[in-house]
1. Kindly establish whether Leu199 is assigned to a helix (DSSP H, G or I) and either at pLDDT 75 or above or open to solvent by 80 Å² or more (accessible area, probe 1.4 Å) (or both).
2. Return the pair list, or none, for Cβ contacts closer than 6 Å from residues in segment 132-145 that are touching a residue at least 60 places away in the same chain (Cβ under 8 Å) and under 14 Å from Arg24 (Cα atoms) to residues that are among the small types (Gly, Ala, Ser) and surrounded by fewer than 21 Cβ atoms within 10 Å (Cβ to Cβ), at least 6 apart or on different chains.
3. Output the number of residues of segment 543-572 satisfying the condition of being touching a helix residue (DSSP H, G or I) at 6+ places or on another chain (Cβ under 7 Å) and open to solvent by 70 Å² or more (accessible area, probe 1.4 Å).
4. Identify the single condition in (1) in a loop (DSSP other than H, G, I, E, B); (2) on the phi < 0 side of the Ramachandran plot that Lys13 does not satisfy, given that it satisfies every other one.
5. Given (1) of a type in the set (Ser, Thr, Tyr); (2) open to solvent by 40 Å² or more (accessible area, probe 1.4 Å); (3) under 31 Å from the mean Cα position of the chain (by Cα), identify the lone condition not met by Thr417.
6. In segment 348-380, which residue that is among the polar types (S, T, N, Q) and open to solvent by less than 40 Å² (accessible area, probe 1.4 Å) is nearest to Leu442 (Cα to Cα)?
7. Pairs needed: first member in segment 469-497, open to solvent by 50 Å² or more (accessible area, probe 1.4 Å); second member anywhere, in a helix (DSSP H, G or I); C-beta distance under 7 Å; at least 6 residues apart or different chains.
8. Every residue in segment 62-99 that is in contact with a Gly (Cβ under 7 Å, 6 or more places away or on another chain), open to solvent by 20 Å² or more (accessible area, probe 1.4 Å) and at pLDDT 85 or above, please.
Amino acid sequence: MEASKILPMLKKKLAFLSGGKDRRSGLILTIPLCTEQTSMEELSATLDYLLGIPSEKCKARGFTVIVDGRKSQWNIVKTVVLMLQNVIPAEVSLVCVVKPDEFWDKKVTHFCFWKEKDRLGFEVILVSANKLTRYIEPCQLTDEFGGSLVYDHLDWLNKRLVFEKFTKESTSLLDELTVINENEKGSQAEKDRYFSNILPSFDPETVLQTGHELLSELQQRRFNGSEGGGGGTAWSPMDDELLAQPQVMKLLDSLREQYTKYQEVCRQRSKRSQLEEIQTKVMQVVNWLEGPGTEQLRTQWGIGDSIRASQALQQKHEEIESQHSEWFAVYVELNQQIAALLSAGDEEDLMELKGLQQQLSDVCYRQASQLEFRQNVLQSAHEFHMTAQDMSQQLDGLLGMLCADVAPADGAAIQQTLKHLEEKLKSVEGALQSLREKGQVLLDQMSTQTSFSYGKDVGIENKENIDHIHSVMEDMQLRKQRCEDMVDVRRLKMLQMVQLFKCEEDASQVRSTYDYGRQLLQATVVLCQSLRCTTRSSGDTLPRLNRVWKQFTVTSDERQHRLEMASAFHTAAEKILRESPELAELMVDVEAYEEVETVGKGLLDRLTVPVIFPDGSEQFFGSPGDMASSAESIRERMKLAEQRLDEESLEAGPRES
């Protein structure tokens, strides 16, 4: 009977062998009855299992049975004692019934076990728990009877399960290994046929490890037990544990012997089949890498024209790498196997193995180099397209600022806007420089790509890639130049607006000063009249003030008129220059150009005309150098507007056709 088949009953602890012994060295069997009804069938099955554990020699010394009836009823105790007559009559030498502190009713216990000794076959005594030491040493009693013997039922049950499992598995495995090893002595055909179909049911390493752990635990318990004790009598380990140790040791020795033979059989078989498998696998790897693997790389030469396209190419390359990695893993495994065979192979196999190893290594390293190079190219292309997109977004943002209407509140707001424009333009310049650097790296890689082409002419593919790289960089340079021109126009316009704000501020300040001075002079005239006196300034100061004020108002009006003309000119010019493909595919308005030309010529004419004061005197604005510089700037804007009109006319021709 196996413990695993009656495990639920054994867990109930209906009976147990604690390992304790009586004074005749007989084992102590304990039956702890409880308040609940005890199943006699389960108790009988438990006793059958426990009595099958000790050796025949141990059984011959007899058992002392302790029936713990302190928590049970008398009729159950009586039934259990009578049942022992049927289960183990020959092995029982003494039954100790532990009675409760409040003894059963004498009317109930009138049955005298001692009178039935001859019929029962063993002696039965009623005893209190504290009187058990009269028959059994305290060191052989468990703690529930006031003894010092340590017993853990679950621990014992777990050990029994492990022992029985090991015994069953090791015995079965030993038989199987013996059969396998014996069949190795037959012919090669028989060995191939039998060995390919028969494998051990259990893993030998696992079974051996389980046995060693079990033996170590049993030996450790025995060692610890030899040092304990009480009452002058040395504590002894459980009899089943002493019996299990030699059984485990014998099984382990036999199993190790057969397993060693089995390992040698497996090694020889593996050595014979390994060489054949290696030859087949090497050719599979070489044929795939030089066939489908190489063809995959030959069809992948593009770099894409955007981030999304380059990412798609990278994803495709990752799929190719994934397929290659599976074969590279086979290569690593094969290389290790070949190295092992070279270190222990026969002389006639060495040349063939070295040739296979060299061929495999050459093909794999060449393919790996090609994959790495392709990955680097795609990474550089991805970085190039990311930089191009980033620069394009910066240009769009700058262009959006330039196309927005300018409505600053004061000169400080204009200065802040100018600063923001300069920062964005500087950022665009940095992005263009980065784009050029990454483009050059990609171009350098393109120039070395032909060396990895495996004989394939990749000139056409490379030319398309190179043309695309140059096209992107040139397009970004052109867009940047257009934005710079528009920034120049916006900058000049804003500076003139600053001057306009300043002019208005000065005019307001001068008007206040003029009004205040006139009031003072009028007050002076009144005082002089009232005091009947004259002053040096009473006669000519007021006329002088009026004359200067008229000159200033004429000059201010002329200045404001010129600034308004300049603002109209730059607004019209900016409208033409910003109508680029980035915003919309619009044709340049001819009327807008005519407006630029008309206002520009009028402004140039105005710059050559002096300011004429009411008294007939004349005065030019600024120095001749300043006037010449302003005129040159106006002519440059008119020229840019004319070029833009010509470009649009050329583009409109193909669209109409």
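The values are calculated or read from the model by the stated rules, or taken from the named source; none is laboratory data. On a predicted model such as this, the values are computed, not experimentally measured, just so you know. We place every Cβ from the backbone using ideal geometry, glycine too, and count neighbours over all the protein chains shown. To get the accessible areas, we keep the full protein, side chains included, count just its heavy atoms, and leave off ligands, DNA and RNA. Shrake-Rupley method; radii C 1.70, N 1.55, O 1.52, S 1.80 Å.
1. No; evaluated as a whole, the condition is false for this residue.
2. Once the first residue is touching a residue at least 60 places away in the same chain (Cβ under 8 Å) and under 14 Å from Arg24 (Cα atoms) and sits in segment 132-145, its partners that are among the small types (Gly, Ala, Ser) and surrounded by fewer than 21 Cβ atoms within 10 Å (Cβ to Cβ) give Glu137/Gly231.
3. 1
4. Unmet for Lys13, out of (1) in a loop (DSSP other than H, G, I, E, B); (2) on the phi < 0 side of the Ramachandran plot: (2).
5. For Thr417, the failing item is (3).
6. Looking at the filtered set, the residue picked out is Ser380.
7. Matching pairs, first to second residue: Gln477/Leu432; Arg491/Leu418.
8. Lys99
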